[in-house]
6 protein chains.
Amino acid sequence: MGVKRGVIPGRYQPFHKGHLHLIKWALERLDEVIIVIGSAQESHTLQNPLTAGERVLSIKRALECEGIDLSKVYLIPVPDILMNRAWVSHVETYVPKFHVAISRNPLVKVLFREAGYEVLEPPAFERNSYVATNIRALIAKGDKRWKELVPKCVAEVLEEINLEERMRELLRRD
Amino acid sequence: MGVKRGVIPGRYQPFHKGHLHLIKWALERLDEVIIVIGSAQESHTLQNPLTAGERVLSIKRALECEGIDLSKVYLIPVPDILMNRAWVSHVETYVPKFHVAISRNPLVKVLFREAGYEVLEPPAFERNSYVATNIRALIAKGDKRWKELVPKCVAEVLEEINLEERMRELLRRD
Amino acid sequence: MGVKRGVIPGRYQPFHKGHLHLIKWALERLDEVIIVIGSAQESHTLQNPLTAGERVLSIKRALECEGIDLSKVYLIPVPDILMNRAWVSHVETYVPKFHVAISRNPLVKVLFREAGYEVLEPPAFERNSYVATNIRALIAKGDKRWKELVPKCVAEVLEEINLEERMRELLRRD
Amino acid sequence: MGVKRGVIPGRYQPFHKGHLHLIKWALERLDEVIIVIGSAQESHTLQNPLTAGERVLSIKRALECEGIDLSKVYLIPVPDILMNRAWVSHVETYVPKFHVAISRNPLVKVLFREAGYEVLEPPAFERNSYVATNIRALIAKGDKRWKELVPKCVAEVLEEINLEERMRELLRRD
Amino acid sequence: MGVKRGVIPGRYQPFHKGHLHLIKWALERLDEVIIVIGSAQESHTLQNPLTAGERVLSIKRALECEGIDLSKVYLIPVPDILMNRAWVSHVETYVPKFHVAISRNPLVKVLFREAGYEVLEPPAFERNSYVATNIRALIAKGDKRWKELVPKCVAEVLEEINLEERMRELLRRD
Amino acid sequence: MGVKRGVIPGRYQPFHKGHLHLIKWALERLDEVIIVIGSAQESHTLQNPLTAGERVLSIKRALECEGIDLSKVYLIPVPDILMNRAWVSHVETYVPKFHVAISRNPLVKVLFREAGYEVLEPPAFERNSYVATNIRALIAKGDKRWKELVPKCVAEVLEEINLEERMRELLRRD
């Protein structure tokens, strides 16, 4: 089969404009892209506020709003396993056959390389702006500048979900 | 938010024409449909021959070939948990918010109803023909009639994967 | 500490009159009794229809109705682990220190003995009547004779829960 | 059924006078109270020194000593699951049906509210005194003032268990 | 590194003369052999009576008695994971790097081949005699002929453990 | 059976000269020694860089190079369970029957003592030099002095594996 596919693992807490750049960059180089939504079981913490389903929804909206061809993208939540050495195989179980992995994360790169995959390292898209940790901090504080850092349609989903309130609650002291 | 969504849980081992009827039937009644690929962790047994990723691929192909609008369908693998009472909540973690569940499976119906969901019971689409157990038996035997029971594009994917050989091997005696 | 305690492991699906005899028999021989509600994670199957919480509720009611001193009884749900050799230690984690185990189940007896516990084997209280498998079959069929086989207050709880309907639904063919 | 029940989740490492106030406060407002002993699988660390069974024992003793009606209280150990979104459902599996949740913990409040429960927020009972972290620190140091911070009968159980020695050992450097 | 290693997965319940033939056959073809003791978490059932540790002990004794060079053999218990597709990777985590897999089991062969390994299929060593299922049945019945079917030093270990009594107990009716 | 065995639990990340002293010290006091390679599921982190299989390989090489009689040593990887109270039983499942535990680790000592085992506390062999944390730091920095701190044959295995590069990669910033 001639289709060339790549996986892009991430936690997407939340999906921001850097991620969108990354998807577009990958789609220029590959036929199909598999977005692996990692730590799928996590949610409702300051580090991982969104459920896997909420992340699926917001990423799908972003792709549609940007006019990205949905037939070329897979969106697949994958829960953690507690065994790094078997993690690539775990991902292989959940997703269609793929040929390259796309990541800047050191552990992810080591694991895919040791499993025999080619790893593409994308450029850092305005890395200083698009940092999920900072975006989560802004959301928790109710600082509306977070909306400029995520795709417009993601912002809409996160407002429907009322993520600001969830994070504000979680931040509260006992 | 006005979008009305429904979940359709199944193992899709493999995705057959009865499943396709079901998706179409659901899309006539709902805005969006979430196909929950259950027992995602299972594969390489006679009962569950395909990986979750292979099931994702074959279902996506079927939807495309049938001209179904991909923006209205979510394809989400969900691993088993060993606690029926918490299973609906487990599904809720992995998928976008939904309003109805679509199933003929007794356990699935009981669990969604006890969790407060409306359950739509679809008609049995030529139930005698489209039975996954029988289709798997045909594949394992190499009886090519299985190809008439699954959507054409699913048949192509299962041939690329060479499912016949995998099942024939698994059937072999030690 | 001088208190002598014993564990009585069971699935209690449901708690029947034979179980009640057993508890009373044990309370005549020990200061305190720990009812271990095993396979706590299971529910909503024909084999294990009740949740752990429903079993806790029905057993507690039975003890109250029978005038058993609640200060002498512990009711503790314990989920399965998939490692028989470590199961006794797993139980020890969940329950107060105990000195004997009370059971007629071969596996349970072997495991507690190998772990160094004294095992008391109770008589079989009208064993032919009080068989959980049969009682479940009667409930699933709606045969009201099941009510004579469980303590009156358990029957009331199971009717509040509407266990008959749950089991009838689970029994239905897809 | 007219009985109104509430759950009170906590780790109870150890059960202190603030917890006792809380139980009494809840029993004034509800018919029955379910004490959920969370992180049941944890023990033998400085953060979680007691097993679930030791916590069950010490709480039961405290209730008896205080003359609290045991028929109105359920004491149920619940192990962690690693999926916040499904945690309420997990608790629902282990405990009888309940109607309100009682907690000051931000995560617990968010999760029960999102699951549709009413959440009662109790007052902070001399919060500065009754802090489990501080009590554990005192025990580990062998500073006997910890005995004034827990109910008298809990102190007796913790001395029988010799928790001071266990914590002193755990504190030791390799 | 020039050392050529092969894995030999099995449950070894118990290790019999057919297994011993297999190890010798493998050592004639490879530099080092890794005996993977599968389903390591299982024990105390009629199907899996021995713990992993008891299997380690009896296999080690058999190798010593047979004068097999221990420096060429690894004995490694591996627990099950519930994901066939990732099982080879799971094994790779637990054992030193290897180059071939040795098995007659259909599933094992499929999984190692799909993971890119060469699979050596050994001859069936007097397959009708050396069948673990039959040997377990003889042990459970106390039929001493089982001792002729396992290496002499394994028989000694199984007698020290008193496996006959354990199995007889497990066979008993409740 | 007269053989006296002891377990020596550790993570062996990596196996260093202090560990080798410890094994020799234990073999002077016991007939057989079981090296329990803990946290077997962990690898590819700065804290736990090696897989269980890589640790098995390097320890086996060290024993051979030192002329230690392999028939007196068991090398058994054991994954973590998340329940301290049942951990000793978990170890007992994986290893042959043993009589003493050898450790300086406070948690390990408490758990074995509470389970009724004699605990031997070995001397600290040049503890300031042989500290796994420091050795890992040297490896990650490519500071060759690490080779003096591990047995020569372990150094060879870690170079074959190219652990320096793996750790350097993991250390890199995203």
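The values are calculated or read from the model by the stated rules, or taken from the named source; none is laboratory data. Please read all numbers here as calculations on a predicted model, not as lab measurements. FYI the Cβ positions are ideal-geometry reconstructions off the backbone, even for glycines, and counts take in every protein chain you see. Remember, those area values only see protein heavy atoms, side chains included, never the ligands or the DNA or RNA. Shrake-Rupley method; radii C 1.70, N 1.55, O 1.52, S 1.80 Å.
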Report task. Mind listing just one residue for me: the one in region C:79-120 that is charged (D, E, K, R) and touching a Ser or Thr at 6+ places or on another chain (Cβ under 7 Å) and, of those, nearest to the other protein chains (Cβ to nearest Cβ)? Result -> C:85
Report task. Among the residues of region C:13-54, write down those that are open to solvent by 10 Å² or more (accessible area, probe 1.4 Å), under 13 Å from residue C:136 (Cβ atoms), touching a residue at least 60 places away in the same chain (Cβ under 8 Å) and of a type outside the set (A, V, I, L, M). Result -> C:16, C:45, C:47
Requested in this report: Any chance you could count how many residues in region D:80-116 are closer than 30 Å to residue A:78 by Cβ and not in a helix (DSSP H, G or I)?
Outcome: 7
Query raised in the report: Which ones in region E:142-174 are more than 12 Å from every other protein chain (Cβ to nearest Cβ) and without any contact (Cβ under 8 Å) to a residue 24 or more places away in the chain?
Result: E:143, E:144, E:145, E:146, E:147, E:148, E:155
Query raised in the report: Among the listed residues C:60, C:72, which satisfies the condition of being more than 13 Å from the chain's Cα centre (by Cα) and open to solvent by 10 Å² or more (accessible area, probe 1.4 Å)?
Result: C:72
Query raised in the report: So residue A:105 clears everything in (1) within 20 Å of residue A:55 (Cβ to Cβ); (2) crowded, with 20+ Cβ neighbours inside 10 Å; (3) of a type outside the set (A, V, I, L, M, F, W, C) except one condition, right? Which one?
Result: (2)
Query raised in the report: Could you list, in sequence order, the residues of region E:69-88 that are of a type in the set (A, V, I, L, M, F, W, C) and farther than 15 Å from residue E:12 by Cβ?
Result: E:70, E:81, E:82, E:83, E:86, E:87, E:88
Requested in this report: Among what's in region E:37-67 and is outside any helix (DSSP H, G or I) and under 12 Å from residue E:15 (Cβ atoms), pick the residue that is farthest from the other protein chains (Cβ to nearest Cβ).
Outcome: E:66
Query raised in the report: Within region B:120-135, is there a residue that is under 23 Å from residue B:44 (Cβ atoms), modelled with pLDDT of 95 or more and touching a Phe, Trp or Tyr at 6+ places or on another chain (Cβ under 7 Å)?
Result: yes
Report summary line: How many residues of region B:12-34 are out of contact with any helix residue (DSSP H, G or I) (no Cβ under 6 Å at 6 or more places or on another chain) and among the β-branched types (Val, Ile, Thr)? The answer is 2
Report task. Name the single residue, out of those in region D:1-12 being at pLDDT below 95 and among the hydrophobic types (A, V, I, L, M, F, W, C), that is least open to solvent (accessible area, probe 1.4 Å). Result -> D:3
Query - Search result, residues across region A:1-27 that are assigned to a helix (DSSP H, G or I) and either touching a Gly at 6+ places or on another chain (Cβ under 8 Å) or on the phi > 0 side of the Ramachandran plot (or both) - result: A:19, A:26
Query raised in the report: Name the pairs whose Cβ atoms lie under 9 Å apart, with the first residue in region C:94-113 and without any contact (Cβ under 8 Å) to a residue 12 or more places away in the chain, the second outside any loop (DSSP other than H, G, I, E, B) and open to solvent by less than 10 Å² (accessible area, probe 1.4 Å), and 6 or more positions between them or separate chains?
Result: C:113/C:101
Report summary line: Of (1) more than 14 Å from the chain's Cα centre (by Cα); (2) at the interface with another protein chain (Cβ under 7 Å from one of its Cβ atoms); (3) in contact (Cβ under 8 Å) with a residue 12 or more places away in the chain, residue E:3 fails just (2)
Report task. Go through region C:133-162 and count every residue that is charged (D, E, K, R) and within 23 Å of residue D:97 (Cα to Cα). Result -> 6
Query - Pick from region A:124-167, criterion of a type in the set (Asp, Glu) and over 14 Å from residue A:19 (Cβ atoms), ranking: most open to solvent (accessible area, probe 1.4 Å) - result: A:148
Report summary line: Apart from one, (1) within 30 Å of residue B:108 (Cα to Cα); (2) without any contact (Cβ under 8 Å) to a residue 12 or more places away in the chain; (3) not acidic (Asp, Glu) all hold for residue C:57; the odd one out is (2)
Report task. Evaluate the following for residue D:76: is it touching a residue at least 24 places away in the same chain (Cβ under 8 Å) and part of a strand (DSSP E or B)? Result -> yes
